[in-house]
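Report on one structure; see the data block that follows.
Here, each number is a calculation from the coordinates, and none is a lab measurement. Since the model is a prediction, treat every value here as computed from it, not as a measurement. Note that each Cβ is placed from the backbone with ideal geometry, even for glycine, and that neighbours are counted across all protein chains shown.
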Amino acid sequence: MDILEYAIKMELDGEKFYNEQAFANRNNSLHTVFLSIAHDEANHARIISKKKDGVNLHLNEKTRESAKNIFSDLAGFEIESDDPRQVDVYREALKKEQESIELYEKLLSESDEDLELYRFLISQEKEHFKLLEEIIKMVNRPNEWVEAAEFGRREEY
């Protein structure tokens, strides 16, 4: 399997994973977040597939603008799951996003062409990574927060 086939498989696996998480969180705020990331991963797979097939890609500003900034959807965001293992799912997703970033950075460093494509994919995966970090932070906050303020300064919610 060549590296582009591997990247396509990784993106499709990511899409499946995020769709599963969307289904598992269908009754809370994470549903929309996971559906949005799944959509992004499917789009990444299509872009890489076109590149592999030799289609000349131009990621113009319109394409970049259509990439949804998920953070804008987090206003009033609350974690409504009471499953303590859920944070492990987010950490696993975080690892997968890091693997994607590393793969696209490797492709960027080894290639003289399609630099714009790899930079675009890196920026998308970094946005997913940041989002997942924020979710993990929100899920862990109740475990880290102490009842009495006398125990030190705490970051506000």
Quiz item: Whole-Hz Karplus ³J(HN,Hα) for region 3-8, in order, using 6.51 cos²θ - 1.76 cosθ + 1.60 and θ = phi - 60°, x for Gly and Pro?
Solution: 5, 6, 4, 4, 5, 4
Exercise. Output the pairs from LYS52/LYS130; LYS95/LYS126; LYS16/LYS137; LYS9/LYS95 with a Cα-Cα distance over 19 Å in this structure; if there are none, say none.
Key: LYS52/LYS130; LYS16/LYS137
Quiz prompt | Spin-label pair GLN98/GLU20, simplified geometry with 7 Å Cα→Cβ offset, distance in nm | solution = 2.0
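Could you please report the charge total around LEU94, scoring K, R as +1 and D, E as -1 over all other residues with beta-carbon less than 14 angstrom from its beta-carbon? Walk me through the numbers before you get to the answer.
Values: positive: ARG91, LYS95, LYS96, LYS126, LYS130, LYS137; negative: ASP88, GLU92, GLU97, GLU99, GLU102, GLU125, GLU127, GLU133, GLU134.
Every neighbour counted, the sum reads -3.
Please identify the GluC sites (Glu not before Pro) of region 93-134 that satisfy two criteria: DSSP loop assignment and at most 10 other Cβ atoms within 10 Å. Which are they? Intermediate results must be reported in sequence, preceding the final value.
Details: sites: GLU97, GLU99, GLU102, GLU105, GLU110, GLU113, GLU116, GLU125, GLU127, GLU133, GLU134; in loops: GLU113.
Those that pass, being in a loop and sparsely packed, are GLU113.
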Practice problem: For ILE3 and LYS50, compute 0.36 nm times the residue count separating them, minus their Cα-Cα distance, and round to one decimal in nm. | Solution: 15.5 nm
